[in-house]
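The values are calculated or read from the model by the stated rules, or taken from the named source; none is laboratory data. None of these values were measured; they are calculated from a predicted model. Counting neighbours? That spans all protein chains shown, and the Cβs are built from the backbone with ideal geometry, glycine included. Ligands, DNA and RNA are stripped out before the accessible areas are found, and what is left, the full protein with its side chains, is counted by its heavy atoms. Shrake-Rupley method; radii C 1.70, N 1.55, O 1.52, S 1.80 Å.
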Amino acid sequence: MPAAPFDYHAPATVAEALSALGALGEDAKVLAGGQSLVPMLTLRLVRPAAVVDIHGLDELRGVRRDGDTLEIGALVRHRALELGDGPLGSCPLLQEAAALIGNVRVRAMGTIGGSLAHADPAAELPAVVRVLDGVLVARGPGGERTIPAAEFFTGLLSTSLRPGELLAAVRLPLPAGRAGYAVEEFTRRAGDFAVVAAMAAVELDGGGRASRVRIAIAGAGPAPVRLAAVERALAGVEPSEQAFRQAVADHKLEIEPDADMHASADYRRHLTRVLTVRALVRAASRAMKGAQP
């Protein structure tokens with residue numbers, strides 16, 4: 001089935017893109033890598049009046065590390081994340097998560113900005129940004145504004161981007177001390193969207209106890225979510241599989257799973273607990289070994 005007709009715009013600069021989006025408003029969709037939008041256009045799940053193709057905007061391809069902050073342009077491709085090109089190597093969680101996205105063709109075309117703006121609740125990268133307390137950088141008619149990841153993902157395929165705004169970059173804080181990260185996910189087939197995925201970040205103090213623990217879950221609600229109660233329970237704890245299992249068993253999981261053809265809500269709750277423990281164990285092990293920057 002061909003896509004419904006739409007006007008096509010290919011701006012040469014970010015300023016031109018913002019001008020087009022400002023004029024078109026909610027009637028426009030932004031095309032980056034096309035791995036999410038093109039199938040939706042083809043299936044007529046979306047019927048925009050216009051598509052603004054930002055593929056040619058090299059201004060949005062930059063990556064730079066400034067101290068303990070990594071800034072990634074919206075058009076940086078999944079494949080670059082997977083390979084840890086240049087400064088991207090300072091965020092190993094991105095590498096591990098990006099390697100799980102689709103297949104090589106998808107990773108060669110898809111972009112981090114496209115994935116974050118699409119906001120699929122089962123996608124890996126939104127959960128990565130949530131667990132790392134990332135900040136999204138948007139540009140629009142009113143200039144530039146920064147949006148904490150906790151406020152960016154507002155629901156199913158929904159974000160706090162305003163009409164006329166363009167996601168320009170994401171900023172990820174990097175830990176200075178001993179830290180470890182891990183991704184655990186369950187999929188029907190390799191490369192599929194996760195039925196449930198768990199992202200864990202564990203930072204250790206000088207005595208080897210958990211100074212900070214962060215956990216984000218994908219696929220168990222309309223948006224990626226942090227397990228705040230478990231995080232608080234693990235602060236100051238000596239890392240062990242038993243301690244992780246106990247905390248996950250004893251505390252509320254802030255998830256809202258739905259049932260669908262892939263899994264029941266109860267099974268998603270079960271997966272969340274199992275995968276969270278696995279991710280915490282691997283993340284803590286890496287932190288203790290000092291294997292990650």
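The table below lists the values:
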item	result
Neighbour net charge for Ala108 - beta-carbon separation under 9 angstrom, K R +1, D E -1	+4
Charge context of Lys29, other residues only, Cβ under 12 angstrom, K/R +1, D/E -1	-3
Label point at Arg105 placed 7 Å out along Cα→Cβ; residues across region 182-214 whose backbone nitrogen lies under 19 Å	189-193
Farthest toward positive dipole pole in the chain [+1 Lys/Arg, -1 Asp/Glu at C-beta], among Val195, Met40, Gly67	Val195
Rel. contact order, % - alpha carbon contacts under 8 angstrom, at least six apart, region 7-53	57
Expected 222 nm ellipticity per residue - DSSP helices of 4 or more, -39500 (n - 2.57), all of the chain, to 500	-9500 deg cm²/dmol
Share, in percent, of DSSP beta bridges within the chain that are antiparallel, nearest 5	85
Length added when fully stretched, Glu256-Asp58, from 0.36 nm per residue minus Cα-Cα	67.4 nm
Probe 1.4 Å, protein heavy atoms only - accessible area per residue of the chain in square angstrom	45
Hull shadow area, averaged, region 58-173 [alpha-carbon convex hull, nm²]	6.7
About the Cα centre, charge dipole magnitude for the chain (Lys/Arg +1, Asp/Glu -1 at Cβ), debye	620
Loop-exposed trypsin sites (Lys or Arg not before Pro) per DSSP, neighbour cap 16 Cβ within 10 angstrom, longest uninterrupted part of the chain	62-187
Surface/4 of the Cα convex hull for region 179-289, nm²	6.5
Cα-based helix-to-principal-axis angle, 241-250 vs the chain, degrees rounded to 10	70
Percent accessible area from carbon and sulfur atoms, the chain, protein chains only, probe 1.4 Å	52
Largest-first ordering by accessible area, 1.4 Å probe, given options Met261, Met109	Met261, Met109
Compactness of the chain as Cα Rg over 2.2 N^0.38 Å, two decimals	1.01
Calculated FRET efficiency for the pair Lys289/Ala49, C-beta based, R₀ 45 Å, to 0.05	0.25
For region 63-82 and region 43-58, distance of Cα centres in Å	23
Relative contact order (%) - criterion: Cα under 8 Å, at least six apart; region: region 179-289	34
Quotient of C-alpha Rg and 2.2 N^0.38 Å, computed over region 7-53	1.11
